[in-house]
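Below is one structure, written out as structure tokens; the observations come after it.
The values are calculated or read from the model by the stated rules, or taken from the named source; none is laboratory data. What you see is a predicted model, and the numbers here were worked out from it, not measured in a lab. Don't worry about glycine lacking a Cβ; one is built from the backbone with ideal geometry, like all the others, and counts go over all protein chains shown. Surface areas here come from the heavy atoms of the whole protein model, side chains and all, with no ligands, DNA or RNA. Shrake-Rupley method; radii C 1.70, N 1.55, O 1.52, S 1.80 Å.
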Amino acid sequence: MKFSIVTIFPEMVEAYLGASILKRAIQKGLITVSVHNLRDFATDKHKTVDDYPYGGGVGMVMKPEPFFRITEGLWPVREERKILVPSPKGPLFDQEKALALSQDKTELVFLCGRYEAIDERVTEHLADEEISIGDYVLTGGELPALVIIDAVSRLIPGVLGDSRSSEEDSFSCGLLDYPHYTRPEDFRGIRVPDVLLSGNHREIAAWRKKRSLQLTMERRPALAERYASSPEDREIIERIKEEQQ
Ligand code: ADE
């Protein structure tokens with residue numbers, strides 16, 4: 001899978017891509033991430049990428065020309081790329097969107113803004129989609145681009161050591177993940193639940209499913225309503241509710 005990031009701070013994203021799982025995925029050729037400095041596509045000798053806002057107001061606005069020049073120069077064929085602009089105004093990124101993007105056959109190109117905003121003509125006429133990673137405002141699009149690349153990459157076969165790791169995640173079936181434990185069995189008097197030491201795989205699976213449903217009901221009731229739809233799940237939910245009374 002191919003990703004590209006356009007930014008005025010290449011070193012920011014390169015640091016994250018140069019370690020751990022994404023580094024290994026790049027080395028194995030499972031993903032490629034090319035990082036481009038937007039300043040190289042500025043049109044003046046000072047490499048200006050921002051300017052004052054028309055109409056006045058605080059902060060600077062990123063100029064349209066460098067974004068159009070790099071996109072038309074490096075990704076001229078619309079059908080071969082998807083231009084994503086991270087922005088708190090976009091639809092929210094979630095696990096479902098990560099899965100859809102991981103199956104996308106086109107290159108994913110992130111145009112990262114800084115300062116107050118990007119000129120609206122970029123988002124309106126160049127971007128395929130704006131995308132938000134949450135209802136808060138960051139200082140730029142670099143972290144959102146990395147968040148999305150990270151979440152999408154770990155769904156690509158071979159990126160995680162064991163594909164079951166991503167299949168059993170929080171959200172992969174719509175529910176929050178069950179609790180995990182490792183050695184020691186007794187840590188300062190806090191014991192690992194007995195069922196996990198029992199060796200009984202059916203009971204372990206049932207315990208995990210119940211804890212997953214319980215946690216989702218407590219913390220994200222709307223998710224529980226949406227995803228706990230099988231008769232077995234409904235039965236477990238009824239049992240949990242009875243136990244709570
Ligand atoms: N840029 C600034 N804040 C953002 C957010 N929450 N999501 C995506 N891009 C952003």
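For region 17-125, which whole-number percentage of the solvent-accessible area (1.4 Å probe, protein heavy atoms only) is attributable to carbon and sulfur atoms? Heavy-atom surface of region 17-125 belonging to carbon and sulfur, 1.4 Å probe: 52 percent. Under the criterion of Cα pairs below 8 Å and six or more residues apart, the relative contact order for the chain equals 18 percent. Backbone phi angles across region 38-55, fed through the Karplus curve with coefficients 6.51, -1.76 and 1.60 (θ = phi - 60°), yield HN-Hα couplings of 4, 4, 5, 10, 6, 9, 10, 6, 8, 6, 6, 10, 9, 7, 5, x, 4, x Hz in residue order; Gly and Pro are listed as x.
Cα centroid separation, region 16-57 to region 192-245: 44 Å.
Once the Cα atoms are used to define both axes, helix 231-244 deviates from the longest principal axis of the chain by about 70 degrees.
The alpha-carbon of Lys105 sits under 14 angstrom from the alpha-carbons of these aspartates and glutamates, leaving out residues fewer than 8 places away in its chain: Glu79, Glu80. By the Kirkwood approach, averaging reciprocal distances over each pair of separate Cα atoms, region 106-245 gets a hydrodynamic radius of 18.9 Å.
Each part gets one Cα centre, and for region 146-163 versus region 172-190 those centres are 22 Å apart.
Protein heavy-atom accessible surface, 1.4 Å probe, per residue over region 173-244: 72 Å². Note on Asp44 and Gln245: the model spin-label points, each 7 Å out from Cα along the C-beta direction, lie 7.2 nm apart. Quick one: grab the alpha carbon gyration tensor of region 98-147, order the square roots of its eigenvalues as a ≥ b ≥ c, and give me rounded if a/c is under 1.5, else prolate or oblate depending on whether a/b is larger than b/c. Judged from the Cα gyration tensor, region 98-147 comes out oblate (a/c at least 1.5, b/c at or above a/b). Counting only alpha carbon atoms, the long axis of helix 201-219 and the longest principal axis of the chain meet at about 60°. Taking the inverse of the mean reciprocal distance over all distinct Cα pairs, the Kirkwood hydrodynamic radius of region 4-48 comes to 11.7 Å. Amide H contacts of Ser4: Ser34, Leu108, Val109, Phe110, each under 5 Å away and 5 or more positions distant or on a separate chain (H built 1.01 Å from N in the peptide plane; Pro and chain starts excluded). When each of the peptides 26-39, 143-156 is scored by how many other beta carbons lie within 10 Å of its residues on average, the order from highest to lowest is 143-156, 26-39.
Taking 27 Å as the straight-line reach from the Cα of Lys45, the lysines in range (excluding those fewer than 8 positions away in the same chain) are Lys63. Using θ = phi - 60° in the Karplus curve 6.51 cos²θ - 1.76 cosθ + 1.60, the 3J(HN,Hα) couplings for region 120-132 round to 4, 5, 5, 5, 7, 10, 10, 6, 7, 8, 8, 8, 10 Hz; x is entered for Gly and Pro. For region 2-153, the Kirkwood hydrodynamic radius from C-alpha pairs, put into Stokes-Einstein at 37 °C and a viscosity of 0.692 mPa s, yields a diffusion coefficient of 207 µm² per second. Per residue, the accessible area of region 98-138 comes to 51 Å² when a 1.4 Å probe rolls over the protein heavy atoms. Taken one residue at a time, the phi angles of region 98-109 give Karplus couplings (6.51, -1.76, 1.60, θ = phi - 60°) of 4, 5, 4, 5, 5, 9, 6, 8, 8, 6, 9, 10 Hz. Gly and Pro are set to x. Net charge dipole, the chain: roughly 600 debye, given to the nearest 20, about the Cα centre with Cβ charges of +1 for Lys and Arg and -1 for Asp and Glu. When the solvent-accessible area of region 173-244 is split by element, carbon and sulfur atoms take up 50 percent of it, the probe being 1.4 Å. Put simply, region 185-245 fits an ellipsoid with semi-axes of 25, 14, 10 Å; these come from the alpha carbon gyration tensor as the roots of five times its eigenvalues, largest first. For Lys23, a cut-off of 20 angstrom between C-alpha atoms picks up these aspartates and glutamates, skipping any fewer than 8 places away in its own chain: Glu11, Glu14, Glu107, Glu142, Asp150, Asp162.
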